[in-house]
Amino acid sequence: MTSGMSMDVLMTDEDVKPKAKAKAKKKTRKKGELWSKRSLYTTVDGFDVMMDSTWEVALAKKLDELGIKWRRDESMILEYRTVRGRKRKYIPDFYLPDYDLYVEVKGYWTDAARYKMKDVVERNQVEMLILESLVDIDNVAERLPKEKNTRD
């Protein structure tokens, strides 16, 4: 130190008192925070896509292996209402344009999540495939409609 002060002059009585033990904090989730691990996935076309879970990465890999076109972006917004009637926006995990089908990867369910998915489908008049396990993801081809979409 260039000022000539000793370190003990800079410390207060509060600095030398023993610190109280911190209580263990309960792990809580902040709004918008996910429980699962976010991962960057590189598509067969070389594009980097952020995934919200390892299961979503598994589905992207499977769809790419099967040669099935898929989209995932935050501009795909479907409106829904909560049980209390509040207007919300839902961003699907995947959209399969050749099947005109939305896909949700859901490893756990709550009553609110079930209600949301039902309202999304009814309100937006869309088809939704819900995959609830890695086995479902591995067998996704068997769960797709037999006919591809020919509307375009």
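Residue 14 meets the conditions (1) modelled with pLDDT under 90; (2) in a loop (DSSP other than H, G, I, E, B) in every case but one. The failed one is (2). Within segment 86-108, if we keep just the residues that are surrounded by 12 or more Cβ atoms within 10 Å (Cβ to Cβ), assigned to a loop (DSSP other than H, G, I, E, B) and under 14 Å from the mean Cα position of the chain (by Cα), the residue that is modelled with the lowest pLDDT turns out to be 107. Annotation: of all residues in segment 45-72 being in contact with a Phe, Trp or Tyr (Cβ under 9 Å, 6 or more places away or on another chain) and of a type in the set (Asp, Glu), the one that is surrounded by the fewest Cβ atoms within 10 Å (Cβ to Cβ) is 48.
Answer yes or no: is there a residue in segment 74-85 that is surrounded by 14 or more Cβ atoms within 10 Å (Cβ to Cβ), touching an Asp or Glu at 6+ places or on another chain (Cβ under 7 Å) and part of a strand (DSSP E or B). Yes, that holds for at least one residue. Of everything listed in (1) outside any helix (DSSP H, G or I); (2) touching a strand residue (DSSP E or B) at 6+ places or on another chain (Cβ under 7 Å); (3) not polar (S, T, N, Q), the single unmet condition for residue 137 is (1). Can you find a residue that is more than 19 Å from the chain's Cα centre (by Cα), assigned to a loop (DSSP other than H, G, I, E, B) and at pLDDT 95 or above anywhere in segment 109-124? The answer is no; no qualifying residue exists.
The values are calculated or read from the model by the stated rules, or taken from the named source; none is laboratory data. Computed from a predicted structure; not experimentally measured. In this analysis, Cβ positions are derived from the backbone assuming ideal geometry, glycine residues included, and neighbour counts consider all displayed protein chains.
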